[in-house]
Amino acid sequence: MVTASMKLITAAMPDDQSIFFEVKPGPYDPATVVEFADWSPAEETAEVHAFYEKLLAVDVGEAIS
């Protein structure tokens, strides 16, 4: 569950040669591995491309909404 007090980190990969490695405490549970903020576009929707372009344009540490 994502709450209003949580800080969410997003990594936007600028090309298909990028690698992202994330470590989280276990155990791994595929039913709960994905968390989406209420303000993020749903997967496979038209809004995803515009949101991704917005992510690529922000500076490190800059907040977006």
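The values are calculated or read from the model by the stated rules, or taken from the named source; none is laboratory data. Here the structure is a predicted model, which is why all the values come from computation and not from measurement. Here Cβ is always computed from backbone atoms with ideal geometry, including for glycine, and neighbour counts include all displayed protein chains.
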If Pro41 meets every condition in (1) out of contact with any Asp or Glu (no Cβ under 8 Å at 6 or more places or on another chain); (2) surrounded by 10 or more Cβ atoms within 10 Å (Cβ to Cβ) apart from one, which number is that one? (1)
Considering the range 31-49 alone, what residues qualify as being among the β-branched types (Val, Ile, Thr) and under 20 Å from Pro14 (Cβ atoms)? Val48
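Applying the selection to the range 50-65, what residues are part of a helix (DSSP H, G or I), closer than 12 Å to Thr10 by Cβ, among the hydrophobic types (A, V, I, L, M, F, W, C) and without any contact (Cβ under 8 Å) to a residue 12 or more places away in the chain?
Narrowing the range 50-65 to residues part of a helix (DSSP H, G or I): 50-57.
If we keep only those that are closer than 12 Å to Thr10 by Cβ too, we end up with 51-52, 54-56.
Narrowing the set further to residues that are among the hydrophobic types (A, V, I, L, M, F, W, C) leaves 51, 55-56.
Result: Phe51, single match.
Taking the range 23-47 on its own, how many of its residues are over 16 Å from Ala63 (Cβ atoms) and at pLDDT below 80?
In the first step, residues of the range 23-47 are kept if they are over 16 Å from Ala63 (Cβ atoms); the result is 23-36, 41-47.
After this cut, where a residue has to be at pLDDT below 80 as well, the list is 24, 32-36.
Summing the residues that are over 16 Å from Ala63 (Cβ atoms) and at pLDDT below 80 in the range 23-47 gives 6.
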Per-region count, the range 8-38, residues touching a residue at least 12 places away in the same chain (Cβ under 8 Å) and surrounded by 10 or more Cβ atoms within 10 Å (Cβ to Cβ): 6
